[in-house]
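This report concerns only the one structure given below.
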Amino acid sequence: MLPSVTNIQQIAVCGAGTMGAGIAQVSAAAGFLTLLFDVRPEAVSAGMDMIRKNLDKAVEKGKLKPQDREATLSRLTPCLQIADCKGDLIIEAIVEKVPVKVALFRELAQHNPPTTIFATNTSSLSVSEIAKEIPHPERFGGMHFFNPAHLMALVEVISGADTAPEVSRVMYEVVQRMVKHPYK
Ligand SMILES: NC(=O)c1ccc[n+]([C@@H]2O[C@H](COP(=O)([O-])OP(=O)(O)OC[C@H]3O[C@@H](n4cnc5c(N)ncnc54)[C@H](O)[C@@H]3O)[C@@H](O)[C@H]2O)c1
């Protein structure tokens, strides 16, 4: 079955720091069930706190209805174990080091079905380089959010040398759902 945006129900975000928390917020606000995972439980708590604070501020400013704040939070789940880190799409926003990212993608591949799409939020690393070391390079690409992710209306969708065109299209359509302005 060809991947389609309609198959993307759950998104897992790996890394609950500056970028991961912002991406998880945008994902949940767009209607996706969203997991926020980090190797450090305190980072997950801090990320969830940051999201609540951002949503509270938006409600105070009249930019978000209180019920939409609640709906967004209801779609967000903290995740503390990599074995529970499952999604139709997994967006990685961890430390900017190829071997660490590769190790994470390899482990995630063991816990997810062969239909899962993997994306990296890397700012400076080569998507094709990371893809060389991971199990399914055709299901892997870049989704580069900018900081702060919940406010920046721009996300780059990056195809690596092996990224399947339909996988790029799904990433692009997910970004569109996140009410952003993706470009390739
Ligand atoms: N900060 C920015 O302005 C910005 C903008 C665009 C893209 N990026 C990219 O986003 C990624 C994350 O950047 P950041 O600024 O959010 O970093 P950060 O340091 O704020 O957060 C990184 C988080 O990843 C966690 N982590 C580290 N190794 C992990 C692993 N193996 N599994 C799960 N979690 C792990 C850390 O505990 C930390 O909480 C990087 O690739 C960076 O290049 C950053």
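Since every read-out is calculated from the coordinates, none of them should be taken as a lab result. Since the model is a prediction, treat every value here as computed from it, not as a measurement. Glycine also receives a Cβ, built like all others from the backbone with ideal geometry; neighbour counts cover every protein chain displayed.
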Ranked by how many other beta carbons lie within 10 Å on average, peptides 10-20, 116-126 from highest: 10-20, 116-126
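Could you tally the net charge around ARG139, taking each other residue with its Cβ under 12 Å from the Cβ of ARG139, Lys/Arg +1 and Asp/Glu -1? All intermediate terms of the calculation are to be shown ahead of the outcome.
Numbers: positive: none; negative: ASP88, GLU138, ASP162, GLU166.
Its environment carries a net charge of -4.
Ignoring everything except DSSP H segments at least 4 long, calculate the 222 nm mean residue ellipticity for the chain; use -39,500 (n - 2.57) per segment, divide by total residues, nearest 500.
Details: 6 runs with 73 residues, N = 184.
One gets -12500 deg cm²/dmol as the mean residue ellipticity at 222 nm.
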Suppose every K and R has +1 on its Cβ and every D and E has -1 on its Cβ; what is the size of the dipole of the chain about the Cα centre, in Debye to the nearest 20? 440 debye
Multiplying the sequence separation of GLU60 and THR115 by 0.36 nm and subtracting their Cα-Cα distance, what value in nm do you get? 15.8 nm
Could you rank the peptides 26-34, 163-171 by their average count of other C-beta atoms within 10 Å per residue, with the highest value first? 26-34, 163-171
Under 11 Å from the Cβ of VAL26, count the other residues' Cβ atoms, weight Lys and Arg +1, Asp and Glu -1, and hand me the total. +2
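Once the other residues with Cβ under 14 Å from the Cβ of THR115 are scored (Lys, Arg +1; Asp, Glu -1), what is the net sum?
Working: positive: LYS86, ARG139; negative: ASP88, GLU138, GLU166.
That sum, taken over residues with Cβ under 14 Å, equals -1.
Given a Förster distance of 30 Å, report the FRET efficiency between SER126 and VAL179 from their Cβ-Cβ distance, rounded to the nearest 0.05. The partial results should precede the final answer.
On the way: r = 29 Å, r/R0 = 0.95.
Computed FRET efficiency for SER126 and VAL179: 0.55.
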Can you return the lysines within cross-link range of LYS61? Criterion is Cα-Cα under 29 Å, with same-chain partners fewer than 8 residues away left out. LYS53, LYS180
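For a protection proxy built on the mean count of beta-carbon atoms within 10 angstrom, sort 132-139, 60-67 highest first, please. Write out the running numbers ahead of the final one.
Details: 132-139: 17.2, 60-67: 10.1.
In descending order of packing, they fall as 132-139, 60-67.
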State the answer as a single residue: which of MET171, ILE82, THR120 lies farthest towards the positive end of the charge dipole of the chain, with beta carbon charges of +1 for Lys and Arg and -1 for Asp and Glu, about the Cα centre. MET171
Amide H to amide H, which residues 5 or more places from VAL155 or on other chains are under 5 Å from it, using H placed in the peptide plane? HIS181, TYR183
Report the extension gain between GLU42 and GLU96 in nm, rounded to one decimal, defined as 0.36 nm multiplied by the number of residues separating them, less their alpha carbon distance. 17.5 nm
